[in-house]
1. So residue 247 ticks every box in (1) surrounded by 13 or more Cβ atoms within 10 Å (Cβ to Cβ); (2) touching a strand residue (DSSP E or B) at 6+ places or on another chain (Cβ under 7 Å); (3) modelled with pLDDT under 90 but one. Which box is left unticked?
2. Residues that are under 21 Å from the mean Cα position of the chain (by Cα) and part of a helix (DSSP H, G or I): does segment 369-382 have at least one?
3. Any idea how many residues of segment 505-530 are surrounded by fewer than 15 Cβ atoms within 10 Å (Cβ to Cβ), under 17 Å from residue 411 (Cα atoms) and touching a helix residue (DSSP H, G or I) at 6+ places or on another chain (Cβ under 9 Å)?
4. Just give me the residues in segment 166-187 being within 35 Å of the chain's Cα centre (by Cα) and part of a helix (DSSP H, G or I), in sequence order.
5. Among (1) modelled with pLDDT of 90 or more; (2) surrounded by fewer than 16 Cβ atoms within 10 Å (Cβ to Cβ); (3) under 27 Å from the mean Cα position of the chain (by Cα), there is one condition residue 234 misses while meeting the rest; what is its number?
6. Restricting attention to segment 110-121, does a residue exist that is at pLDDT below 90, under 23 Å from residue 193 (Cα atoms) and either in contact with a strand residue (DSSP E or B) (Cβ under 8 Å, 6 or more places away or on another chain) or not in a helix (DSSP H, G or I) (or both)?
7. In segment 346-363, how many residues are at pLDDT 90 or above and in contact with a helix residue (DSSP H, G or I) (Cβ under 6 Å, 6 or more places away or on another chain)?
8. Quick one: is residue 48 modelled with pLDDT of 90 or more and surrounded by fewer than 12 Cβ atoms within 10 Å (Cβ to Cβ)?
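The values are calculated or read from the model by the stated rules, or taken from the named source; none is laboratory data. Keep in mind it's a predicted model, so treat the numbers as computed, not measured. Here the Cβ is made from the backbone with ideal geometry for all residues, glycine too, and neighbour counts use every protein chain on show.
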């Protein structure tokens, strides 16, 4: 059903939520599977071309206006590297859209990092307002990043004379040191942009299609999807296992994903109507139906109600991660061996007396590549771990919503990452924690179950003692919380979840309050509590 038809009669308490459904094909013939592989490979190459060409900071303005670039390619012709792929027009246009979606996401993250860093600066409110304005204006931002402050200043002053421009900001611009603001923005934006690795698509197994590139066919009891190939007016017919589908089930863009077992998945989107989560109640209201969860490694989620979800996830993840580490370590030794053999071949040179040795070494390299560096087993292993992680996270999140039935769910800011170094093995395990998957699962389940997801500031939630209000890094010892000031003991994740619960209604500590200011607030509260008890810090210690 289309979004327009769903919106008709949609109440104020409802919204449209997009959900992905997967359809599996039957086992395809080798010829058909390879034809799809060639198409997927070429489109991925096109995406990588766009990602490589426009991933730099000098392409900020181009990223914001992909249609202009597309029109220029249509009018002036494709670059040589892209034209050699011999893709149909719709295929390279979809590749351009997908690549620019990725680049736009990277730009949005950089913009958010710059906005967050404004909190720690000494700029006035008007100067901060101007920086936020510059982030929204791609042409101005590009001039600043290219090191053209004079041109940017002239364009900004021209724009400030427009009627829609903020009057307060217009008056303040003349008194601002624009060169200082431009210099800070240029430096900070480059730092934020440099944090992101250059995007590339390594696995060539995904093919995106718009409605003009595929068609749904029903022949008897069998359903088919005919997708565009590299040849014009020739489509590849994919038989699906499901027999209850109709043409109305395929609306909008779809995604074809290649599998290692000779089958393909067809991902289609459906639009569902869900209830809008209720507003956050006042702090003095009864906190019924409100819980907070702390994300952990040993146990995936720990609720403020005392329940644990995803128990034993850490030990399973450690087992999987160590297994992959051993596999990758062995493959690394084989790659090093190949490098040594190639150096030996190079040292022998073109000497005719050593031709037999060169052939023997080449055969040895081929044997290692065939027998020790194949991709089938390791890909199957990675896919297994990926599915197990998804299952563990999905089960934990679904059980949480089913058991607790919350109306409001408090969590730490979902993109928060710590910068501590705990050693190679622990850091590797934490990196395989899959925060992104947990985030997606929480957001998706919250929308599905009509639950308000309330993010809070994560600063010192694991170090704050709820019994005496003391903040100390020594309070947390692994999975145990042991306050060094009052002796209060508890499960570390449970203690953190209670602090997250309290912070939902904390008027002084907002989501973007700097961590140094958070610590000052917590220390002041601790001292005030001691003063009310007639004690001081030295007596407690």
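1. (1)
2. Of segment 369-382, the ones under 21 Å from the mean Cα position of the chain (by Cα) are 382.
Checking which are part of a helix (DSSP H, G or I) leaves us with 382.
Yes; the residues of segment 369-382 include at least one that is under 21 Å from the mean Cα position of the chain (by Cα) and part of a helix (DSSP H, G or I).
3. The number of residues fulfilling the criteria is 1.
4. We begin by selecting, within segment 166-187, every residue within 35 Å of the chain's Cα centre (by Cα); these are 166, 169, 178-187.
Listed by number, the residues that qualify are 169, 178, 179, 180, 181, 182, 183, 184, 185, 186, 187.
5. (3)
6. The answer is yes; a qualifying residue exists.
7. 1
8. For residue 48, the condition - modelled with pLDDT of 90 or more and surrounded by fewer than 12 Cβ atoms within 10 Å (Cβ to Cβ) - is not met.
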